[in-house]
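Okay, so here's the structure we're looking at.
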Amino acid sequence: CGISRLSKFRGALLGALLGDCLGSPFEFDDDESPIVIHKFFEKLEGPDFKFFFLLLAPKYAYTDDSAMTKCVAKSFVSQGCLDEKDLAKRFVTEFYSDRRRANTYGQHVVDVFHKLRALKFADPFKPASEQFNGTGSYGNGGAMRISPVALFCHTDYDVMLHTAKRVTQITHTHALGVNGAILQCLAVHEGLTQDPTQGPLDVEKFTDGLISKMQMIEQTDEFDGKRPFHTQLLIMKKLLAKEGGANVHEVKESLGNDVTAIFSVPTAIFSFLRAQKPIPGIETENKFRRTVQYAISLGGDTDTIASMAGAIAGAYFGEEEISDPYRKYCEGVEEFLELADGLYELAK
Ligand code: F2R
Ligand code: MG
Ligand code: MG
Ligand code: MG
């Protein structure tokens, strides 16, 4: 591959972090127009903004998405294996020790943290299984933190699926929550294995690969004979094939942009794939920026959709495509790069 594996590992974690930091100011601000978002990105890259930030050096803060991604990566690096109890403890410690970020978490996942702590982590999956009257959460909180699994398990597909499931089930046990995380993990993994120096990405092949994998993974008995993610991916494929590109309205309507995994993970994957070609109103040649900016312009759960899209883009392009301003103005960059290096060392 023309891009080093280390660069791809760093790109994946950096992409997840920067999508979260840059998307978070717009989360659920649905009146924000794509023009305002474009100006936000132009300003970040512009000279005035650089000067302003050199003087004051504030940073765009990360939210629960990156806080939990960090825990997953740290657990792998410190334990050298999947250790569910260790990971559950890290989620809980992170939540209770970093009060600045407490209100960025999902409304109900906090109950899991309370119970895990109260039960002294005796069974790291039990509190999650009790969510929503025992149906479990189908929020995107499992998918938003899954990128380290694609890195840590990149050489073994079956271990990767198993690990993605277990990492998710500490907080999300609903099949939609789990399969959403698996799909996002597969997309990051696919990004890692493809080589952008060998010509443009084969968008159709990328999509078909995910479609056939989800067809195998989704158990139809859980959904009245249906395969929800498989179905969403087929819709995504149709949108990608549209002459001149699908408009934002139809993307939001059909793929969604909310906090559920089913209506956000395919949207993030779509953002990455759509950004392989120019998008009207997004004037940049940089495809990492195009991916993240487009994901944010879809509105709704912008931090999470941009974070997931950013992780896929970063895994595909490597860290070289992620330009300086974004690194400089976002919180946590050094720590995430160190974690990517740690995962790379484990994977060597
Ligand atoms: N929480 C936020 N952002 C603040 C919310 C802003 C607010 N809505 C506003 O308008 O100002 N972001 C973070 O939360 C998302 C990840 O959430 P997670 O970890 O999946 O949490 P949870 O609580 O488990 O699920 C989220 C919601 O999904 C619905 N839901 C899930 N399972 C359900 C079920 N079985 N039955 C019914 N509803 C279910 C609930 O509404 C949950 O609250 C990310 O966006 C992250 O950035
Ligand atoms: Mg807001
Ligand atoms: Mg968040
Ligand atoms: Mg969010």
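Could you work out the relative contact order of the chain, using alpha carbon pairs under 8 angstrom and six or more residues apart, expressed as a whole percent?
Rounded, it is 36 percent for the chain.
In Å and from the alpha-carbon atoms only, list the Rg and Dmax of the stretch 216-260.
12.6, 38
With an 8 Å cut-off on Cα pairs and a minimum separation of 6 or more residues, tell me the relative contact order of the stretch 62-137 in percent. Can you show the working numbers first?
Details: 56 pairs, mean separation 20.3, N = 76.
Answer for the stretch 62-137 is 27 percent.
With springs only between Cα atoms under 10 Å, which of H38, H189, H114 fluctuates most in a Gaussian network model of the chain?
Taking springs between Cα atoms under 10 Å, the residue moving most is H114.
With springs connecting C-alpha atoms under 10 Å apart, model the chain as a Gaussian network and identify which of I322, I146, I296 has the largest mean-square fluctuation.
Of I322, I146, I296, the Gaussian network model singles out I322 as fluctuating most.
Rounded to the nearest 20 Debye, what is the dipole magnitude of the stretch 8-50 about its Cα centre when Lys and Arg each give +1 and Asp and Glu each give -1 at the C-beta?
In debye, rounded to 20, the stretch 8-50 gives about 440.
Hey, got the dipole for the chain? About the Cα centre, +1 on K and R Cβ, -1 on D and E Cβ, debye to the nearest 20?
480
Stretched out fully, how many nm does the piece from V203 to F28 gain, at 0.36 nm a residue minus the Cα gap?
Taking 0.36 nm per residue and subtracting the Cα distance, the gain is 60.1 nm.
Considering amide H positions built from the backbone, and no H for Pro or chain starts, which residues 5 or more places from C330, or on another chain, come under 5 Å of its amide H?
So C330 has HN proximity to Y60.
Quick one: putting +1 on the C-beta of Lys and Arg, -1 on the C-beta of Asp and Glu, what dipole do you get for the stretch 76-206 around its Cα centre, in Debye to the nearest 20?
Rounded to the nearest 20 debye, it is 720 debye.
Give the relative contact order (percent, whole number) for the stretch 15-147; include only Cα pairs under 8 Å separated by 6+ residues.
It comes to 25 percent, rounded to a whole number.
Normalised radius of gyration for the chain, please: alpha carbon Rg relative to 2.2 N^0.38 Å, two decimal places.
0.92
Can you bin the stretch 149-250 into rounded, prolate or oblate? Criterion: square roots of the alpha carbon gyration tensor eigenvalues sorted a ≥ b ≥ c, rounded for a/c under 1.5, prolate for a/b above b/c, oblate for the rest.
oblate
Based on the Cβ-Cβ distance of K242 and E285, what FRET efficiency does E = 1/(1 + (r/R0)^6) give at R0 = 25 Å, to the nearest 0.05? Kindly include the intermediate steps, with their values, before the conclusion.
On the way: r = 23 Å, r/R0 = 0.90.
Calculated transfer efficiency: 0.65.
By a straight-distance test (C-alpha under 24 Å), which lysines pair with K39 as possible cross-link partners, with residues fewer than eight away in the same chain excluded?
K50, K59, K252, K277, K287, K328
Can you tell me what percent of all Cα-Cα pairs in the stretch 232-280 are more than 15 Å apart?
Within the stretch 232-280, distances greater than 15 Å cover 35 percent of Cα pairs.
Work out from phi, with θ = phi - 60° and the Karplus expression 6.51 cos²θ - 1.76 cosθ + 1.60, the ³J(HN,Hα) of each residue of the stretch 236-245, listed in order in whole Hz, and give x for Gly and Pro.
4, 4, 5, 5, 5, 7, 5, 4, x, x
What's the exposure ranking of K213, K39, going from fewest to most Cβ atoms within 10 Å?
Final ranking by Cβ density, sparse to dense: K39, K213.
Using the Cα centre of the chain as origin and beta-carbon charges of +1 (Lys, Arg) and -1 (Asp, Glu), tell me which of S75, I35, H162 is placed farthest towards the positive end of the dipole.
Of the listed residues, the answer is S75.
May I ask which residue of I296, A241, G318 lies farthest towards the positive end of the charge dipole of the stretch 223-348, with charges of +1 (Lys, Arg) and -1 (Asp, Glu) on Cβ and the Cα centre as origin?
A241
With a 10 Å cut-off between alpha carbons and a GNM built on the chain, which of V149, V109, V265 moves the most?
Highest fluctuation of the listed residues: V109.
According to the Kirkwood expression over distinct Cα-Cα pairs, how big is the hydrodynamic radius of the stretch 187-330, in Å?
Over the stretch 187-330, the inverse of the mean reciprocal pair distance is 15.5 Å.
Using only the Cα atoms of the stretch 1-51, what are the Rg and Dmax in Å?
14.5, 42
Measuring from label point to label point, each 7 Å out along Cα→Cβ, what is the E222 to K120 span in nm?
Between E222 and K120, the simple spin-label model gives 3.2 nm.
Tell me, rounded to the nearest percent, the portion of alpha carbon pairs in the stretch 249-338 spaced more than 19 Å apart. Please report the intermediate quantities before stating the final value.
Working: 1469 of 4005 pairs.
So the pairs more than 19 Å apart make up 37 percent of the total in the stretch 249-338.
Any read-out appearing in this document is the output of simple, stated calculations on the displayed coordinates, not a laboratory observation. Nothing here was measured: the structure is a model prediction, and the numbers come from that model. Note that each Cβ is placed from the backbone with ideal geometry, even for glycine, and that neighbours are counted across all protein chains shown.
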